[in-house]
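The values are calculated or read from the model by the stated rules, or taken from the named source; none is laboratory data. Just so you know, these numbers come straight off a predicted model, no measurement behind them. Here the Cβ is made from the backbone with ideal geometry for all residues, glycine too, and neighbour counts use every protein chain on show. To get the accessible areas, we keep the full protein, side chains included, count just its heavy atoms, and leave off ligands, DNA and RNA. Shrake-Rupley method; radii C 1.70, N 1.55, O 1.52, S 1.80 Å.
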Amino acid sequence: MLTKRIIPCLDVKDGKVVKGVNFKNLRDVGSPPELAEAYEKQGADEVTFLDISASLESRGNMLNIVSETARRLFVPLTVGGGIRTFEDMRDALNAGADKVSVNSAAVNNPGMITECAERFGRQCVVVAIDAKRTENGWNVFTHGGTKRTELDAIEWAQRAEDLGAGEILLTSMDADGVKTGYDIPLTAAISEAVSIPVIASGGCGSVEHIYEVFTQTDAAAALAASIFHYNEYTVGDVKQYLKDRGVAVR
């Protein structure tokens, strides 16, 4: 049985970890390297570092902060935000990332997924999908959730897998920061449509929500931010809760 992963997420803006609601009203919650190190000590399986304003501001990722964060970790570090080219992904990996997440650039240039998978191995390539329910189902949004595309989220996930993605990082924009639970219908639809791992993101407000997404969908991992940043639960608390209820975790 494959074990489920628990992944704290560091949304980074101006060098600080921030958290908001529906991608808005951001407030500082701490230092990326310090929080990453703390979460590893709590038992995190991985840490995700997302420079959430890089694409919107048309700049590269904060590689100096990525490097400092990576130096403090032994668990895998996924880095995203401002990754526009093969060279950007190479630079992020050289800075210490184990995996690199691409969103806007992959939508604009799908061939980038294949190029990076062939150069670095598909295990390094994470395609991030920010999805929001629309009149036609779920649409993909880019540039930090500010630009709507006409891409159907399910079809895009399938295409990303075909192009070489090793994982999908799926964020529900409707649920993000609201803390009422993951978007179960969206996560179930995407995780059933692809054979690569899907990381559920957006909406976690309790350990029960993580249990729900693991038992009601095929998600391979749960990403959470608020519950860890505000010391509502530790990663260890989450894992113990899941173990007690028969969910296999690392």
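Tally up the residues in region 101-148 that are assigned to a strand (DSSP E or B), open to solvent by 70 Å² or more (accessible area, probe 1.4 Å) and over 12 Å from residue 171 (Cα atoms), please.
Qualifying residue count for the region: 2.
Taking region 176-188 as the region of interest, how many residues are over 18 Å from residue 152 (Cα atoms) and open to solvent by less than 30 Å² (accessible area, probe 1.4 Å)?
Result for region 176-188: 4.
Could you check region 189-232 and list, in sequence order, the residues that are farther than 20 Å from residue 160 by Cα, open to solvent by 50 Å² or more (accessible area, probe 1.4 Å) and either in contact with a Cys (Cβ under 7 Å, 6 or more places away or on another chain) or assigned to a helix (DSSP H, G or I) (or both)?
Across region 189-232, the qualifying residues are 208, 211, 212, 215, 216.
β-branched (Val, Ile, Thr) and under 21 Å from residue 83 (Cα atoms): does that describe residue 125?
The answer is yes for residue 125.
How many residues are among the basic types (Lys, Arg) and at pLDDT 95 or above when one looks only at region 84-108?
2
Which pairs do you get when a residue that is more than 16 Å from residue 47 (Cα to Cα), found in region 1-14, comes within reach of a residue that is part of a strand (DSSP E or B) and open to solvent by 10 Å² or more (accessible area, probe 1.4 Å), reach meaning Cβ atoms under 9 angstrom, with the pair 6+ apart or on two chains?
3/249; 13/26; 13/28; 14/28
Which of (1) at pLDDT below 95; (2) more than 17 Å from residue 201 (Cα to Cα) is the odd one out, the single condition residue 175 does not satisfy?
(2)
Mind telling me which of the residues 100, 47 ends up being closer than 24 Å to residue 183 by Cβ, free of Cβ contacts under 8 Å to residues at least 60 places away in the same chain and not acidic (Asp, Glu)?
47
Confirm whether residue 151 is surrounded by 19 or more Cβ atoms within 10 Å (Cβ to Cβ) and touching a residue at least 40 places away in the same chain (Cβ under 8 Å).
So residue 151 fails the test.
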